[in-house]
Amino acid sequence: MNFDLDPAYKALQAEARELARTVGPFAAAADEMSEVHPGVLAALRKSGLSSLMVPAAYGGRNEQPDPLAICLVREVLMGTSSHLDSLFALQGIGSYAISVGGSEEQRSTWLPRVARAESLAALALTEEDVGSDLKRVATELTETADGLRLHGSKSFISNAGAADFYIVFAKEAGAYSVVLVPANTKGVSISPTPVIMAPHVLGEMVFNNVTLPASARLGTPGRGLDLVFATLAVFRVSVAGAACGLARAALEEAVRHTRTRVQFGRPLAKLGPVAQMLADCWTELEMAQLLTYRAASYAVADPAAALPHSSMAKLAATEAASKIVDRCVQMMGRFGLIRNSKIERLYRQARPMRIYEGASEVLRLGIAKQLTEEVR
Ligand SMILES: Cc1cc2nc3c(=O)[nH]c(=O)nc-3n(C[C@H](O)[C@H](O)[C@H](O)COP(=O)(O)OP(=O)(O)OC[C@H]3O[C@@H](n4cnc5c(N)ncnc54)[C@H](O)[C@@H]3O)c2cc1C
């Protein structure tokens, strides 16, 4: 077994560090924004890293988007800015259905623009009454004499209002289908979602009897869930990568603080219970990172087959990140509570990660199902 990354992946980490370094000076401001920070977007464009999100035939770097590469980049970016991480990740999450299910026209229109980060992508699944239980979506797609009609609404959609196109999941004739909706389509209206504890570009969408050409369809009618699962299979593990990056950044803050702050005549780090917290944080981070890298490596070979491991990695890394950042705040005492300090931001940013792209409890159900079905 090789526990070291190939040189190409290490070079990619260096590229991501360079992008993070550029964004560093405005990360604190960008992470409190609920619209796209122009400086962060410009830096992402310049880095060329968005090209990781599309197949080589359309301006990408690999034959197909590489889950380990995406995971490693998110790990670095999230350590600096959740806004940057989210902009990067959504380029893939919001365009993968085109890569795997789009027509040649849809691919050649959108994917090269996604690769250059000239177009922003979004994936619209969630509705006011539908979150984890995706099969209950109420947004409806209907075939008409001259094309398709989309009617309904979506809620908590990342990049809504900023994206150039939306991949929309809807029910159709007792099954599920997916359509590509350009942002300027007549009948689509978008309003901001209320600002959440760790701000994020989020919007509410209404599709009021939107007329679309038949060519807006992605994939086979009624097979929309396949495209959603294909997207999750590639990108779920990258949330684990981001969680590892967040946890490492938190630990770095705590290490810096506990080495220099003296109480009871000694640096905090030399006090037994603080040292124990530091040791636990590092150990749990290493565990999460190993699982994440392994799951991502499996996903490179076969994303669908790797999904149970990707789910385990997402579950373990996001839960670990929450515990780690909480302990880091504890070790930093009142200095960990200062509004908009790095550690306080990380503390808030860790929380949504256990909810989106599969809440921890929902992931556990899937993992246990896989385990018991394998044993049978
Ligand atoms: C920052 C952020 C960005 C987002 N971006 C997007 C986006 O771009 N596109 C999009 O479509 N959606 C997006 N979402 C929505 C996200 O996908 C949903 O929040 C997620 O699917 C969970 O749905 P819910 O919040 O409605 O929680 P619910 O489904 O109502 O679940 C609430 C809680 O109940 C428990 N639970 C639910 N089901 C089960 C079960 N079967 N067994 C055991 N426990 C269960 C879990 O603890 C869960 O956290 C985003 C959310 C956030 C916070």
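Every read-out reported here was derived from the displayed coordinates using simple, explicitly stated rules and does not represent laboratory data. These figures come from a predicted structure and were not determined experimentally. Here Cβ is always computed from backbone atoms with ideal geometry, including for glycine, and neighbour counts include all displayed protein chains.
Here are a few things to note about the model shown:
- Taking 29 Å as the limit for the C-alpha separation, the pairs Lys10/Lys135; Lys270/Lys323; Lys10/Lys46 exceed it in the case of Lys10/Lys135.
- Segment 7-115 - Kirkwood radius from inverse mean 1/r over Cα pairs (Å): 14.0 Å
- Here, the chain is characterised by an Rg to Rh ratio of 0.99, where Rg is the alpha-carbon radius of gyration and Rh the Kirkwood radius.
- Once the Cα atoms are used to define both axes, helix 224-260 deviates from the longest principal axis of the chain by about 20 degrees.
- Residue order for Glu373, Glu32, fewest other beta carbons within 10 angstrom first, comes to Glu373, Glu32.
- Positive-end residue of Gly272, Ala121, Ala198, charge dipole of the chain with Cβ unit charges: Gly272
- Summing Cβ point charges (Lys, Arg +1; Asp, Glu -1) relative to the Cα centre of segment 7-115 gives a dipole of roughly 260 debye.
- Its Cα gyration tensor gives segment 225-375 an equivalent ellipsoid; the semi-axes, largest first and in whole Å, are 34, 15, 12.
- Stokes-Einstein diffusion for segment 121-221, with the hydrodynamic radius set to the Kirkwood value over Cα pairs and evaluated at 4 °C in a medium of 1.567 mPa s, equals 96 µm²/s.
- Put a plus charge on the Cβ of each Lys and Arg, a minus charge on the Cβ of each Asp and Glu, and nothing anywhere else: the dipole of the chain about its Cα centre is then about 1160 debye.
- 0 to 90° range, to nearest 10: angle between helix 360-375 axis and the chain longest Cα axis: 80 degrees
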